[in-house]
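Q: A single structure is presented below for examination.
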Amino acid sequence: MTDGTRVLVLNAGSSSVKYQLIDMVDGSRPAAGLVERIGEADGRLVHTAADGTKRERAEVFADHPAALGAVAGELAADGLGLDSPRLAAIGHRVVHGGQRFTAPTLVTDEVVAEIRRLIPVAPLHNPANITGIEVARTLRPDLPQVAVFDTAFHTTLPEAAARYAIDRKTADEHRVRRYGFHGTSHQYVSRAAARLLGRDPAEVNVIVLHLGNGASASAVAGGVCVETSMGLTPLEGLVMGTRSGDVDPGLVFHLHRVGGLTVDEIDDLLNRRSGLLGLCGDNDMREVLRRAGEGDEEARLAFDAYVHRLRKYVGAYYAVLGRVDVVAFTAGVGENAAPVREAACAGLEALGIAVDPELNSVRSGAARLISPGYARVAVAVVPTDEELEIAQQAFALVHGRN
Ligand code: ADP
C-alpha cells in the first residue's frame with residue numbers, strides 16, 4: 001500500500017516507449033512523452049511537461065534500458081522522478097495475456113515468466129512489454145508494478161465466439177483461439193458510451209468501433225465483451241491502415257503454391273502492405289479522403305472497401321447482441337473522419353441506426369452523440385483514453401478496489 005496518488009503508465013513497444021504520468025485525485029497529467037526509434041541512429045525523445053511545453057532530444061537510445069533511463073531523467077528534471085513518494089504504481093500495457101490474465105495483475109517474477117511464455121503468440125509485442133516491466137522494476141523495485149493486458153477484456157468471449165472451427169487438439173496444442181486486442185480501449189469506450197447516455201454500463205449493449213492504424217470492432221453486452229473482430233493475432237477483422245483484416249485463409253496457400261511467395265513474404269504482405277495501403281498506396285485515412293475527394297478511383301475503392309467491411313460488422317454484431325443501444329466510434333479515424341462514420345452507418349435505418357449530418361460534422365474532442373433524436377440506436381463519438389484506463393485499473397488494484 002502507498003499514499004501516492006499518481007500512476008506512471010508505460011507502453012513499451014518494439015522500438016518505442018510511450019509514457020504518461022496521471023494524478024488519480026485531480027485528474028491532471030503532469031508529464032507525458034514518447035521515445036521513438038530505439039536502437040536506431042536517429043532516436044528521438046519528446047517530453048511534454050504539465051504546462052504543455054515540449055522538450056525534444058535527438059540522440060541514440062541504444063536499447064530499452066537506455067530509453068527508459070532517459071524517460072526517468074526527463075521526469076526527474078521536472079521534479080517528478082521515479083523516487084517520488086507521490087507515485088503509487090507503474091501501470092504497464094501488455095499486449096498479450098492469453099487465457100490466464102483476465103484482469104489487471106500485480107507484477108511478480110512468476111507473472112513475468114508467464115508473460116514470457118506467451119511470446120510465441122505475441123512475438124512482436126510481449127518481448128518489448130517485458131523489457132519495459134523489467135527495467136521499471138530495476139528502477140523502482142519497491143513500487144507496485146501492474147500489468148494491464150490488451151486481451152483481458154475479451155477473455156469473456158463465449159467459447160463459440162472464441163473458437164476457430166478447426167481440429168480441437170491442434171488448436172489447443174498451439175493455443176490457437178480468438179484472443180482479441182485493443183481491449184483496454186474497448187472497455188473504456190463501452191463504459192464511456194453508456195455514461196454518455198446517462199445509463200449504467202451494466203444495462204447497455206454497445207458496438208465499439210476502434211478505428212486507428214489498427215482497427216477492431218467489439219460487441220459488449222451489459223459491460224461484458226461477447227465478440228470482437230481481431231483473433232489469434234491483430235490481423236483478423238476490419239480493413240486497417242496496412243493490414244488486410246479478414247481474408248480467405250486459402251489465399252495463403254494460393255500465394256505460396258501458385259504465387260511462389262514464402263510464408264514470411266505473405267506475413268509481410270498481409271500485415272504491412274495490405275489494407276488501405278495495399279488498395280491505394282496510402283495508409284493514412286486523411287490522405288485517402290483527400291484523394292477520393294479529388295476523384296482518385298483507387299482511393300475511392302479503398303474507402304469503399306473500408307466502410308463496406310465496417311458496415312458488415314455492425315450488422316453482424318447487431319445480430320450477436322440482439323439489441324443495440326449505442327454504436328461508438330473511437331481512435332484516430334473513428335474520432336476524426338466524419339465521412340467514415342456516415343458511410344459506415346448508411347443504409348442501416350431499418351436497424352434504427354442513423355447519423356445526423358450536422359452533428360456528425362462537428363469537430364470536437366469531447367464524447368458526443370451524432371445520431372438524430374428519433375433514432376432507436378444512439379451513434380456516438382467517444383475519444384479513447386487507454387492511458388487513463390490503465391492508470392485507473394492499476395490504481396484500483398494497488399488500493400484493493402479490484
Ligand atoms: P494508433 O493505432 O497508432 O494508436 P490512432 O488511433 O492515433 O492510431 O489513429 C491514427 C490514424 O488516424 C491515422 O493513421 C489516420 O489515418 C487517422 N486520422 C487521424 N486524424 C484524422 C483525420 N482528421 N481524418 C481522418 N483520419 C484521421
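The values are calculated or read from the model by the stated rules, or taken from the named source; none is laboratory data. Since we're looking at a predicted model, the values are computed, not measured. For neighbour counting, all protein chains shown are included, and Cβ atoms are generated from backbone atoms with ideal geometry for every residue, glycine included. For accessibility, only protein heavy atoms count, side chains too; no ligands or nucleic acids. Shrake-Rupley method; radii C 1.70, N 1.55, O 1.52, S 1.80 Å.
Q: If each of ASP268 and ASP284 carries a label point 7 Å out from its Cα toward its Cβ, how far apart are those two points in nm?
A: Those two pseudo-labels are separated by 2.4 nm.
Q: With no solvent and one equal point scatterer placed on each C-alpha of segment 250-298, evaluate the Debye formula and give log10 I(q)/I(0) for q = 0.17, 0.18 Å⁻¹, two decimals.
A: These q points yield log10 I(q)/I(0) values of -0.59, -0.62.
Q: Further question: What fraction of the DSSP beta bridges in the chain is antiparallel, stated in percent and rounded to the nearest 5?
A: 65
Q: To continue, here is another question. What percentages make up the Cα-Cα pair-distance distribution of segment 277-330 when the bins are 5 Å wide from 0?
A: Reading the bins upward from 0: 4, 19, 23, 16, 13, 11, 10, 4.
Q: For segment 205-342, state what percent of all Cα-Cα pairs lands in each successive 5 Å bin, counting from 0 Å until the bin that includes the largest distance.
A: With 5 Å bins starting at 0, P(r) equals 2, 10, 19, 21, 18, 13, 10, 5, 1, 0.
Q: Does the chain come out rounded, prolate or oblate, given a ≥ b ≥ c as the square roots of the eigenvalues of its C-alpha gyration tensor, rounded meaning a/c under 1.5 and, failing that, prolate meaning a/b above b/c?
A: Rounded.
Q: Normalised by the empirical 2.2 N^0.38 Å for globular proteins, what value does the Cα Rg of segment 182-240 take?
A: Normalised by 2.2 N^0.38 Å, the Cα Rg of segment 182-240 equals 1.11.
Q: Also, I was wondering about something else. Please turn the phi angles of segment 222-234 into ³J(HN,Hα) values with the Karplus equation 6.51 cos²θ - 1.76 cosθ + 1.60 (θ = phi - 60°), one per residue in order, whole Hz, x for glycine and proline.
A: In residue order, the calculated couplings are x, x, 10, 6, 10, 6, 8, 8, 7, x, 4, 10, x Hz.
Q: Using just the alpha carbons, could you tell me how many Å³ per residue the convex hull of segment 301-357 encloses? Let's see the in-between values first.
A: Numbers: hull volume 4.9 nm³, N = 57.
Convex hull volume per residue, Cα atoms: 86 Å³.
Q: In nanometres, what is the gap between the two model label sites at ARG175 and ALA50, each 7 Å from Cα along Cα-to-Cβ?
A: A separation of 4.2 nm, rounded to one decimal place.
Q: Here's something else I'd like to know. Relative contact order for segment 244-402: what percent, with Cα pairs under 8 Å and sequence separation of 6 or more?
A: On the way: 157 pairs, mean separation 23.4, N = 159.
Normalised by residue count, the contact order of segment 244-402 is 15 percent.
Q: Report, in deg cm²/dmol and to the nearest 500, the calculated mean residue ellipticity at 222 nm for the chain, where each DSSP H run with n ≥ 4 adds -39500 (n - 2.57) and the sum is divided by the residue count.
A: Value at 222 nm, helices only, nearest 500: -11000 deg cm²/dmol.
Q: Any chance you could get the radius of gyration and Dmax over the Cα atoms of segment 82-145, in Å?
A: 12.0, 38
Q: Per residue Cα convex hull volume for segment 123-218, in cubic angstrom? Intermediate results must be reported in sequence, preceding the final value.
A: Details: hull volume 15.8 nm³, N = 96.
Each residue corresponds to 165 Å³ of Cα convex hull volume.
Q: Could you report the chain's accessible area per residue, 1.4 Å probe, as an integer in Å²?
A: Accessible surface, normalised per residue, equals 44 Å².
Q: Then there is this: Which distance in nm do the two modelled labels at ASP63 and ASP109 give, with both placed 7 Å along the Cα-to-Cβ direction?
A: 2.0
Q: Report, in cubic angstrom per residue, the convex hull volume of the C-alpha atoms of segment 1-60.
A: On the way: hull volume 5.2 nm³, N = 60.
Normalising the Cα hull of segment 1-60 by residue number yields 87 Å³.
Q: Full extension from ARG29 to LEU124: what is 0.36 nm times the residue separation minus their Cα-Cα distance, to one decimal in nm?
A: On the way: separation 95, 0.36 × 95 = 34.20 nm, distance 2.91 nm.
Result for the pair: 31.3 nm of gain on full extension.
Q: Under unit Cβ charges (Lys, Arg +1; Asp, Glu -1), what dipole magnitude, rounded to 20 debye, does segment 1-94 have relative to its Cα centre?
A: Around 180 debye, computed over segment 1-94.
Q: Can you tell me the alpha carbon radius of gyration of segment 334-402 divided by the globular rule-of-thumb value 2.2 N^0.38 Å?
A: Here the Cα radius of gyration is 1.47 times the empirical estimate.
Q: Can I ask one more? Tabulate in residue order the Karplus-calculated ³J(HN,Hα) for segment 202-214, using 6.51 cos²θ - 1.76 cosθ + 1.60 with θ = phi - 60°, rounded to whole Hz; enter x for Gly and Pro.
A: Each residue's phi maps through the Karplus curve to give 5, 9, 10, 9, 10, 9, 9, 10, 8, 10, x, 5, x Hz.
Q: Calculate, in nm to one decimal, what ARG116 and GLN99 gain on full extension: separation in residues at 0.36 nm each, minus their alpha carbon distance.
A: 4.7 nm
Q: Continuing with the same structure: What base-10 log of the normalised intensity I(q)/I(0) is obtained for segment 141-273 from the Debye formula, alpha carbons as equal point scatterers, at q = 0.10, 0.21 Å⁻¹?
A: Relative scattering, expressed as log10 I(q)/I(0), comes to -0.41, -1.22.
Q: Taking a label point 7 Å from the Cα of LEU251 along the Cα→Cβ vector, which residues of segment 220-234 have an amide N closer than 16 Å to it?
A: 230-234, by backbone N distance to the label point.
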